[in-house]
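Below is one structure, written out as structure tokens; comments come after it.
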């Protein structure tokens, strides 16, 4: 494709929202390109079983569902490129995206970059990822069979991680900075009844102890100030997500948590730029709500393009 | 060229060959490994004339994984003249794999 080629739509991110936008756009006859840095699916690709996406009564694994969505969009002519976007100029005409595979141009851009697990921000956290530090119990839990694992966090995903791990690990220690779980009630009783779960309330992790691999964590009680060392083989960090909006900071309006401000029309503050899925402000972040956004974005993009843009 | 599945014997022969060998140590239960699969196929296409692109299932080749000190997967290692040149753990993008391969080939 020569450098000056202008797509009708470029979708940034190949998760469920992104590939649904690509499907609708391609079916509407728009020339569409999806830029994905690694593989289709986004966060969903690491989800072993999805039981709440309608139409798959036996459940389906996220990676397979993602590949199906990709192939479905491609069947109608959408293209995919494994490219990492390095910068975007969303106010230019055409809009310009600089990537690891060269520059791409489009009349409309659908931002479907999703969200990633939030880090604790501790020294050596990145280096220890995969060497004892993990962000997904469903992905990495099996490695801690018969071992001791710490879970950090108090929300639904921390509670789900602790439940999953207590069936595999010898012992699970849940570390939470408050004195009670924020997770919904359904988790409370099973967690309290599990014999191999201990709780460290009002505690934060201050240090990851390690040589080659993680050997323990250092905790501080936020009320008493007391410091303790907890030996463990793994620590699962489950303290929420952060939207992938670094590249659009300064161009798109973001809320205080970094999500792109957009309502259910998916329109952002910039004409011809739409935000779908986990990256936009919304009450429920699920595969079904992401795919709905993808369809809405294309509807709005067609309107925008019909206006002579 | 496509990615080829290899065992310990094939590995030992291959890394002594003329072409550098890129090996993806993986396992079927590893979600992160699955995720790099499609990009790894692209890498095999792109660099097919310069390197051999292979995969080792560490569940089937536990001895080999241990000998190569693979503790975390996916791990990609580039071998030349029978020795490991460099490695990368869980690359986050196809661009990151590209960069790793180019840098390792220059070493």
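Note on residue A:170/residue A:52: beta-carbon distance plugged into 1/(1 + (r/R0)^6) with R0 of 45 Å gives a FRET efficiency of 0.90.
Here the calculated FRET efficiency for residue A:303 and residue A:249, from their Cβ-Cβ distance with R0 = 22 Å, stands at 0.25, rounded to the nearest 0.05. If each DSSP helix of 4+ residues adds -39,500 (n - 2.57) and the sum is divided by the residues in chain B, what number results at 222 nm, nearest 500 deg cm²/dmol? The helix-only estimate for chain B comes to -12000 deg cm²/dmol at 222 nm. Can you tell me how the stretch A:188-236 classifies by the Cα gyration tensor, rounded, prolate or oblate, using a/c under 1.5 as the rounded cut? Oblate. Simple spin-label estimate for residue A:182 and residue A:86 gives 3.7 nm between the two label positions (7 Å along the Cα-to-Cβ direction from each Cα). If you bin all the Cα-Cα distances of the stretch A:181-296 at 10 Å, starting from zero, the percentages per bin are 11, 27, 23, 24, 14, 1. Spin-label pair residue B:66-residue A:68: with each label point 7 Å from Cα along the Cα-Cβ axis, the two points sit 4.0 nm from one another.
Taking a ≥ b ≥ c as the square roots of the eigenvalues of the alpha carbon gyration tensor, the protein assembly as shown is oblate, as a/c is not under 1.5 and a/b does not beat b/c. Our Cα-only numbers for the stretch A:93-245 put the radius of gyration and Dmax at 18.5, 61 Å. Within the stretch A:121-207, the percentage of alpha carbon pairs spaced more than 19 angstrom apart rounds to 35%.
Peptide A:40-48 has a mean of 2 when you count, residue by residue, the C-beta atoms of other protein chains within 10 Å of its C-beta. Within the stretch A:47-171, all pairs of alpha-carbon atoms sorted by distance into 5 Å bins from zero give the percentages 2, 8, 12, 14, 15, 14, 13, 12, 7, 3, 1, 0. Annotation: the antiparallel percentage among DSSP beta bridges lying fully within the stretch B:4-106 is about 60. Look at the stretch B:85-94: the mean tally of other chain Cβ atoms within 10 Å of its residues' Cβ atoms is 3.
Take each residue in B:28-34, count the other chain C-beta atoms within 10 Å of its C-beta, and the mean is 5. Rounded to 0.05, the FRET efficiency of the residue A:286 and residue A:189 pair, given R0 = 22 Å and the Cβ-Cβ distance, is 0.35. For the stretch A:201-215, the residues whose backbone nitrogen is under 17 Å from a point 7 Å from the Cα of residue A:221, taken along Cα to Cβ, are A:201-206. Listed peptides A:191-204, A:163-176, B:28-41, A:272-285 appear in the order A:272-285, A:163-176, B:28-41, A:191-204 once ranked by packing, highest mean of other Cβ atoms within 10 Å at the front. Of all beta bridges that DSSP places with both ends in the stretch A:119-237, some 45 percent have antiparallel geometry.
Where both bridge residues fall in chain A, DSSP classifies roughly 45% of the beta bridges as antiparallel. Along its first, second and third principal axes, ordered by size, the stretch A:157-218 spans 38, 26, 18 Å in Cα coordinates. Entry note, chain A: the mean residue ellipticity at 222 nm calculated from DSSP H runs of n ≥ 4, each adding -39500 (n - 2.57), is -7000 deg cm²/dmol after division by the residues and rounding to the nearest 500. State whether the stretch A:245-309 is rounded, prolate or oblate according to the following rule on the C-alpha gyration tensor (a ≥ b ≥ c being the square roots of its eigenvalues): a/c under 1.5 gives rounded; otherwise a/b larger than b/c gives prolate, and the remaining case gives oblate. The shape class here is oblate. Taking the square roots of 5 times each eigenvalue of the Cα gyration tensor of the stretch B:4-106, largest first, gives ellipsoid semi-axes of 18, 17, 12 Å.
Just so you know, all these numbers are worked out from the coordinates, no wet-lab data involved. Here the structure is a predicted model, which is why all the values come from computation and not from measurement. Note: ideal-geometry Cβ built from the backbone for every residue, glycine included; neighbour counts use all protein chains shown.
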